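The values are calculated or read from the model by the stated rules, or taken from the named source; none is laboratory data. Predicted model only: the values in this text are computed from it and were never measured. We work out accessible area using only protein heavy atoms, side chains counted, and drop any ligands, DNA or RNA first. Shrake-Rupley method; radii C 1.70, N 1.55, O 1.52, S 1.80 Å.
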Amino acid sequence: QKTAYEIPLRLVGSEMCIRDSPNRFEIDVINHDKKLAYEIKWRDAGTDGDHKNKEYRKVDLLIEKGYTPIRLTFFMPELERSLNAQKQIIDYYNKRGKSYTQDSAFAYINRMADIDLLQILKDFKTF
């Protein structure tokens, strides 16, 4: 297993902004070689229609630009309204790209980067 300081560059990538006038979308990590765009959420509590619509537009625009949108959500919100909104966003990602939540998000990082992020969080007693 690698330490947190040895995260391979293939996952770090670069932040990318895509303009959808008048809005601007920021992508957390982008891999131009593999055409993958990662949206990383520790816990997203956005619930309003504007938040969901912005996420939907971001996914659609990424696909239009030839990227596969991938959402990693490590912790789901506890409030029912937030949870329902996030489930709708995740469902949208699953239909048009990929989405990994909770244990599967941690497993994805472990598989892609050989880093046990969940164990690192436990070791630092943040989880």
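Some points to look at:
- The listed residues Ser104, Ser82 rank as Ser104, Ser82 when sorted by accessible area, largest first, using a 1.4 Å probe.
- Taking every protein chain into account, the 1.4 Å probe leaves Asp28 with about 60 Å² of accessible area, to the nearest ten.
- The P(r) of the range 63-127 has a tail past 14 Å containing 65 percent of all C-alpha pairs.
- Carbon plus sulfur fraction of accessible area for the range 47-120, probe 1.4 Å, in percent: 45 percent
- Links that overshoot a 32 Å alpha carbon limit, given the list Lys58/Lys125; Lys35/Lys125; Lys87/Lys125; Lys34/Lys125: Lys58/Lys125; Lys35/Lys125; Lys34/Lys125
- For Met112, the accessible surface of its heavy atoms amounts to roughly 50 Å² (probe 1.4 Å, protein chains only, rounded to the nearest 10).
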